[in-house]
Amino acid sequence: MHYIAHLFVLVKNILYFCTKSEIYCTMKYGELIKERRAVLGLTQQDLSDYTELSLRIIKSVESEKGNPSLKTLEKIATVLGLELIMKVKTINE
């Protein structure tokens, strides 16, 4: 299955592209979480309080250290208005 991108946008050296109404971001997950938190005007402590995760975990996720569980990432995504999507990878042979 191949998608042809309909729209490319470069913002702050981050490439966003849209294919069939899905938007993909080349930003790493830690950077995405940190930037989204900043856009919403939340501190790391605020995010910690809202997710009921420790401040240490929030800092670890944003710096992409450690190995956060899907449950942890889902809690953060929910508070930040983001969505985690897992897909089966298509392999072209």
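The values are calculated or read from the model by the stated rules, or taken from the named source; none is laboratory data. Nothing here was measured: the structure is a model prediction, and the numbers come from that model. Don't worry about glycine lacking a Cβ; one is built from the backbone with ideal geometry, like all the others, and counts go over all protein chains shown.
Considering each residue of segment 27-74, count those that are crowded, with 18+ Cβ neighbours inside 10 Å, at pLDDT below 95, over 12 Å from the mean Cα position of the chain (by Cα) and outside any loop (DSSP other than H, G, I, E, B), and give that number.
0
E83 - would you say it is in a loop (DSSP other than H, G, I, E, B) and touching a Gly at 6+ places or on another chain (Cβ under 8 Å)?
Details: in a loop (DSSP other than H, G, I, E, B): yes; touching a Gly at 6+ places or on another chain (Cβ under 8 Å): no.
No; evaluated as a whole, the condition is false for this residue.
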